[in-house]
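Taking it in order: structure first as C-alpha cells, then the write-up.
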Amino acid sequence: MAAVMPVPAASRVLLSGNEAVARAVWEAGVKVAAAYPGTPSTEMLEVISSYPDIYSEWSVNEKVSLEVAIGAAYAGSRSFCCMKHVGMNVASDALMTLTLTGVIGGLVIAIADDVGLSSSQNEQDSRYWGRFAHVPVLEPADSQEAYEMTLYGYELSERFQVPVILRMTTRINHVKALVTVGERSTRPAAGFKKDPARWVMTPGGAGKRIPLIFARDAELRREAELSALNVIEPGSDRRVGFIASGPAYMHVKESFPDAPVLKLGFSCPLPFDKCRELGEMVDRVVVVEEVEPLVETELKAQGISVVGKEILPQQGELAPNVLRPAIARLLGENLPESRSTAAMPVFPRPPTMCVACPHLGVYYTLSQVRNLTISGDIGCYTLGAGHPWNALDTCISMGASMGIALGLDKGRGEADKDKRIVAVIGDSTFLHMGMQGLLDMVYNKGNVTVLLLDNRTVGMTGGQDNPGSGRDIHGVDAPRVDFPKLVESLGVKPERIHKVNPYELPVLFKTIRDEVKVPEVSVIITDQPCVLIEDYHKLKPYAVIEDKCTGCGNCLDVGCPAIHVTRRGKEVKASGREVDLAFVRIESSVCTGCGLCVQPCAPDAIQHHVPVSPLIQLVKGGCNA
C-alpha cells in the first residue's frame, strides 16, 4: 500500500468521506484504530495508518477489530473501528453486549452501507443496529459532515458512555468535497478501573444493566430533539415536505430545492417532535430513506401521517431520476420531459480476473473436472462463477464455503450421491472466518476437498496485508501463517494436504482429480502471489504465432483478459460436424509470462514474445517517406 500523507493542520482540503473520517479520528486524539478491509470502508483505516501517533491494525475479522477497539475504550482511550455493512453482522456479537457495559473512552464505529450493491453480496441497512443495540446513529451527507460528525461522535460517546455508530454509504465514502480541518487534540487515557459488575457480563450482572439502557435511550432522545444535526429547512412550496438523511437528503435538495425538509443528522433515536413540526407545515410528508422503511415505520407507529415506500423503491439510491417521477405521480402531475440525452450503449464489460491471476488456473482446472459441486466464498475468486469457467455454484458470506460444503455433503440425496464436493476459499477469508468451518468439517468427518487459494493479500479490496502475507498494516515484517501446519493443526491428515503451483496445470489437475476421489477432508493450497502486489515477479511475455494458430480457442478457456479474439470462423470436420473457430492474439504489453495459456494450446502456437525494433519494422513495412 502506498503511504498516504497526512493532511496539513488548519487547512481546507479536498477529501473523500473516508479520508475525512480518518482525519477527524486523528484530530479527536484517538489512540487505537482497528478494522478488516471491506469496500467501501477500506480507505478509512488505510489513511489512519499513515498517522504515527495512532496504533492501527488490520484485524483478522470485524468482530476482533471491534473487540480491540472496545478494550482500548475500556482502558479510557478513544478508539475507532470501521467496517462495511456485512462486517457488522460479524461484529454484532460484541456490539450487543457492549451496549450493556458502555465505554469510558469514546468509541465511534463507522459502518459503510453499500447502497446499490456496487461491491457487495447484499444491500442491508445499518441504521437498524442503532435501534437493535440502543446506541445513537449519526448520518453525514457529505465529507464535511463526515468529519464533523466523527468529532461530535466522540464527545457524544464519552458524555453518555455509549458507542456511537457513524452510518456512511458508498456515495459518502468515495465522493470528494472540500473539508475544513483542524489540529489534533491530546487525550490522555483514563486507565482501566476494575468493576466486575459492569465489565463482566454474566446473566445476573447483565440483567441489572438493562434498565440503564432504557434510561439512556430517553436521554439520547432528548439530545436528538435538541441537536443542531436535526434541522428543519423551510421552503416556499408547502405541498410536500421531506424527511431525509445522508445522501438521500442531497438528492431531495437537488430535486425539490423549494420544499421544506427535515434533515436528520442524528437519526437514532428519532426526533418525533421535529417530525410532527414538519408535518404541521406541509400538506403531506414523504420520507426519503435508503434503503429500508425504518423511519417511515417508526413515524407511522407514532400516529404521524407520512408517505414512503408506497411510492419509492426499497432498493438502490434514491437519485433525482427516481424521486421526481415518484413525487409527480403523488401530486397527480405530468413530469416535464427531460432534456438530458439517453446514455450511450456501451459494450458489456463483465468483471473478470486480472491478467495472469493465480486463480485463473484453478478455475480453468475446475471447469475441466466433471461431476463437481463447488461451494464458493467472498473474494476475487468469486468471479469463478462467471464466463468462461462457470465453476462456482454457491456464494453466501465470508467463510461460508466451509459450512455450506459440509452441508452439501451431509444433505446430498440420491441424485447427488456421485457428486464430489469442493470448497474454494482465499487466504484472508480463511483466516477471517474459514478456520472454524474447516475444523467443523474435520470433526464431523466431511467428504470435501478444500482449495485454499493463498495469494498473500486481501486482493478484492485493494491488496491489504493479513496474517498470511508476512507484513503488518505499515508494511513491516510480521509473523506469517504457515497454512499447511495450520490446517494440519485443525485435524487434516498430513497426507491429505498438498501445496501446488496454480500455474502448473497438469499437476493441479492431477491433484484435484485424485483428492476429490478420497472420501475425507483434503486441503489443496495454491502458493502464488497476487499479480498486483510486490511479491509477484513478471516473466517474459508470450505472443501468438499467427501461422500456427488453428483457431481451436483452447487458450480462451483459461479466461485471461490479455487474450483477444481477432477473428472467428467455422470448420466442417470429416465427420460432418461444424465447429466454431476463434483466432487470437495476446496483448504482450500486459502479459506477465505466467504460461497458463501455453499449456492448453495444442498446435504450440503460443511462444515467447520477441520485441521487434523500430528499424526492423520500418524495413519490413517498406520506407514510404
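We did not get these values from a lab; they are worked out from the coordinates using the rules stated. Since the structure is predicted, the reported quantities are computational estimates derived from the model, not experimental observations. In this analysis, Cβ positions are derived from the backbone assuming ideal geometry, glycine residues included, and neighbour counts consider all displayed protein chains.
Starting from the eigenvalues of the Cα gyration tensor, five times each then square-rooted, give me the equivalent ellipsoid semi-axes of the chain, largest first, whole Å.
Equivalent ellipsoid of the chain: 48, 32, 25 Å, largest first.
Under a Cβ-only charge scheme (Lys and Arg +1, Asp and Glu -1), can you give me the dipole magnitude of the range 12-226 about the Cα centre, in debye to the nearest 20?
The dipole magnitude comes to about 660 debye.
Return the calculated 222 nm mean residue ellipticity for the chain, to the nearest 500 deg cm²/dmol, obtained by summing -39500 (n - 2.57) across DSSP H runs with n ≥ 4 and dividing by the residue count.
Computed mean residue ellipticity for the chain: -9500 deg cm²/dmol.
Of the listed pairs Lys445/Lys517; Lys493/Lys517; Lys510/Lys548; Lys548/Lys570, which have alpha-carbon separations greater than 19 Å here?
Flagged as over cut-off: Lys510/Lys548.
What do you get for trypsin sites (Lys or Arg not before Pro) in the range 277-385 restricted to DSSP loop and a cutoff of at most 13 other Cβ within 10 Å of the site's Cβ?
Those satisfying the criteria are Arg339, Arg370.
Rank these for me by crowding, Thr150, Thr373, Thr566, going from fewest to most other beta carbons within 10 Å.
Starting with the residue having the fewest Cβ neighbours, the order is Thr566, Thr373, Thr150.
Antiparallel versus total DSSP beta bridges in the chain: what percent is that, nearest 5?
Within the chain, antiparallel bridges account for around 30 percent of the total.
Just to verify a number: FRET efficiency for Leu117 and Lys309, C-beta to C-beta distance, R0 = 25 Å, to 0.05?
That pair, Leu117 with Lys309, gives E of 0.85.
DSSP H helices in the chain with Cα extent of 20 Å or more along the helix axis and mean Kyte-Doolittle hydropathy at least 0.5?
The qualifying helices are 85-101.
What ranking do His432, His564, His134 get, fewest neighbouring Cβ atoms within 10 angstrom at the top?
His564, His134, His432
Amide H of Leu262 versus every other amide H placed in the peptide plane: which residues, excluding those fewer than 5 positions away on the same chain, fall under 5 Å?
Amide H to amide H, under 5 Å and 5 or more residues apart or across chains, Leu262 pairs with Glu233, Phe242, Ile243, Ala244.
When the C-alpha atoms of the range 123-251 are aligned to their principal axes, what extent does each axis show, in angstrom, from largest down?
For the range 123-251, the Cα spread along each principal axis is 55, 38, 31 Å.
Of Thr461, Thr42, His85, which is farthest towards the positive pole of the chain's charge dipole, taken about the Cα centre with +1 and -1 on the beta-carbons of Lys, Arg and Asp, Glu respectively?
The listed residue farthest towards the positive side: Thr461.
Under a 5 Å amide H to amide H cut-off, with H placed in plane at 1.01 Å, what residues pair with Trp58 once short-range neighbours are removed?
Ile473
What dipole magnitude, in Debye to the nearest 20, does the chain give about its Cα centre under +1 on Lys/Arg Cβ and -1 on Asp/Glu Cβ?
With only Lys, Arg, Asp and Glu charged at Cβ, the dipole is about 680 debye.
From the residues Val481, Gly204, Gly17, which one has its Cα farthest along the dipole of the chain in the positive direction, the dipole being from +1 and -1 charges on Cβ of Lys/Arg and Asp/Glu about the Cα centre?
Farthest towards the positive end: Val481.
Which order results if Cys594, Cys354 are arranged by neighbouring Cβ count within 10 Å, fewest first?
The order, fewest Cβ neighbours first, is Cys354, Cys594.
Enumerate the calculated ³J(HN,Hα) couplings along the range 76-84 in order (Karplus 6.51 cos²θ - 1.76 cosθ + 1.60, θ = phi - 60°), each rounded to whole Hz, writing x wherever the residue is Gly or Pro.
x, 9, 6, 9, 9, 9, 9, 6, 7
What percent do you get for the relative contact order of the chain when only Cα pairs under 8 Å and 6+ apart count?
Computed value for the chain: 10 percent relative contact order.
Using a Debye calculation, one point per C-alpha and no hydration shell, please list log10 I(q)/I(0) for the range 542-614 at q = 0.11, 0.17, 0.22, 0.28 Å⁻¹ in order.
-0.28, -0.62, -0.95, -1.40
Can you tell me which lysines have their Cα less than 22 Å from the Cα of Lys263? Leave out same-chain residues fewer than eight positions away.
Those lysines meeting the cut-off are Lys176, Lys253, Lys274, Lys300, Lys309.
Scan around Lys499 for amide H atoms under 5 Å from its own, H built in the peptide plane at 1.01 Å from N, and keep only partners 5 or more places away or cross-chain.
The list, which skips near neighbours in sequence, is Ile525.
Could you tell me the largest-minus-smallest coordinate of the C-alpha atoms of the range 358-526 on each of the three principal axes, in descending order and whole angstroms?
52, 36, 30
In the chain, with Lys and Arg counted as +1 and Asp and Glu as -1 at Cβ, which of these residues, Ile525, Val322, Ile404, has the Cα nearest the positive end of the dipole, that is, farthest along it?
After comparing all options, I get Ile525.
In debye, nearest 20, what is the charge dipole magnitude of the range 198-293 about its Cα centre with +1 on Lys and Arg Cβ and -1 on Asp and Glu Cβ, if you could check?
540 debye
Roughly how compact is the range 1-111, stated as its Cα Rg over 2.2 N^0.38 Å to two decimals?
The reported ratio for this selection is 1.02.
Take the Cα coordinates of the range 12-226, assign each an equal point scatterer, and use the Debye formula without solvent to give log10 I(q)/I(0) at q = 0.16 Å⁻¹.
Debye intensities relative to I(0), on a log10 scale: -1.02.
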